[in-house]
Amino acid sequence: MNILKKQKLELLFYLLSIFLLRVPIISIQGIPLFSTHVLAVAVILFLFSKAIFNTFREKKPLVSLSTETVVILTFFLTQGLSALYTVSISSFLNRFVKLSIALLLFMVTKRFLHKYSLYPYILNTLLISSAITVVFQIILYIAPDQYLTVMNFFQQVNLTSVTEANITYHKLFDDTYIESVLPIAFYQMQAGQTVLLRGLSTTLLYVTFIVSFISNFRYRLVSALFSLAASFITLTQHRLKIFLPILMISTFISLLILLDFIFLQTSAFTIIDRFLLRSSVTDSSSLVWRLEMAKESIEMAKTFPTGVGLGNFQDYLPFRNTNYTLFSSREVIAEGAITAGPHNIFFQTLGETGFPGLMALVAMLLVFLRKDIQTLHSQRSDKKAIIISFWTLVVMLQFFPGTNLSYYTLFFLLRALV
């Protein structure tokens, strides 16, 4: 096999790992070991090992020791130090390994970008995987019973249980953060090299917005609106600066009104009702719960200098010993919420890794922000789209927990691409 073929195979494996991490996780009979995420991790480990070998052979560093690299490594160190007060070692390792895999992907991506022009391929992979995820969401909405029957065989029980519990309340659960890819779709809608790519991007843009609305998750619609607004301001080409934003904003407002009317005919409430807090049980109580979790995070940080440990937030809650029978959907959702933590990246980091972890996170984001402001003044529209995608993800993390492999790898993949 010649060098060119080896490089193509290597790049194909790399793109495959990104694809597998971005679509809903699939496993044989719900066994974690035989899942798409495990396959993706195996590919990343292989590529990282190969990169390390080439680094020694070429006598070049794997990544440059920039300010960005330093703050990322500092953040990683504070996450590891949280093990000091860990109660559940398995929970800590589960999260720490996910973070480690994400950092390996970050380094592999940096090395590949140094050697190859990969931006179009990576952006298209993110688009295609997101389109598949949206199709999954549509099937879940249209035929929930059939979807769950099939997924009971192909997904872990805890994931299908949470999905089923949420669909009982007319909510579409997603843990792949698909709204964060909307800026990339917006960019490709204008800059795509083919009619097919531009058509796919436009379709994905509108359909994802509709799915965000019918999901009845407030954070998903807020994230979609933030993503689209930032894309309008930043990515609209000069000749369309006036007409495209007016046209698309009018379209999305019309869609909101139309969707609210349509789904009121088939459901007792819509996402608009959730914003208006018309249900004290499902709407107001969730806000009160988040405030209580924020208070618990502060208390944990005061008591434990380096936090209670990654994945150990629930073990230090005063009411953790509540015995849920998990017979009802509400109990399944409550158990999932407690396990996931405060549903806010800052309070979650504060509780689990203490004030050192929080300061490292804030410092890291400030360094990212400074770099992003500089990039936004450049002519690289693809990087601008990636920047908006990243900050859309950060917005989502203010309302939804960042604990799974999809989150960690997306977070550091987007940073590597900027």
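From the C-alpha coordinates alone, can you work out the Kirkwood hydrodynamic radius of the stretch 148-244, in Å?
Its Kirkwood hydrodynamic radius stands at 15.0 Å.
Suppose R0 equals 51 Å. What FRET efficiency, 1/(1 + (r/R0)^6) with r the Cβ-Cβ distance, do Glu58 and Ser90 give to the nearest 0.05?
With R0 = 51 Å, the Cβ-Cβ based efficiency is 0.85.
What's the whole-number percent of alpha carbon pairs in the stretch 352-418 lying beyond 16 angstrom?
Tail fraction, whole percent: 52.
Probe radius 1.4 Å, ligands and nucleic acids left out: which of Tyr407, Tyr116 has the largest accessible area, and how do the rest follow?
Tyr116, Tyr407
Would you list Tyr169, Tyr121, Tyr141, Tyr408 from the most to the least accessible area, probe 1.4 Å?
My answer, sorted largest first, is Tyr121, Tyr141, Tyr169, Tyr408.
Largest first and in whole Å, give the semi-axes of the stretch 20-80's equivalent ellipsoid, each being the square root of 5 times a Cα gyration tensor eigenvalue.
Each semi-axis is the square root of five times an eigenvalue, giving 30, 18, 9 Å.
In square angstrom, rounded to the nearest 10, how much accessible surface does Asp175 have for a 1.4 Å probe?
Number for this one is 40 Å².
Kindly sort Lys98, Lys115, Lys384, Lys8 by accessible area of their heavy atoms, largest first, with the probe set to 1.4 Å.
The residues order as Lys8, Lys115, Lys98, Lys384, largest area first.
Compute the length gained on full extension between Thr149 and Ala229: take 0.36 nm times their separation in residues and subtract their Cα-Cα distance, giving the result in nm to one decimal.
This chain segment gains 25.0 nm when fully extended.
The values are calculated or read from the model by the stated rules, or taken from the named source; none is laboratory data. Being a predicted model, the structure only gives us computed values, none of them experimental. Note: ideal-geometry Cβ built from the backbone for every residue, glycine included; neighbour counts use all protein chains shown. All accessible areas refer to the heavy atoms of the entire protein, side chains included, with ligands and DNA or RNA removed. Shrake-Rupley method; radii C 1.70, N 1.55, O 1.52, S 1.80 Å.
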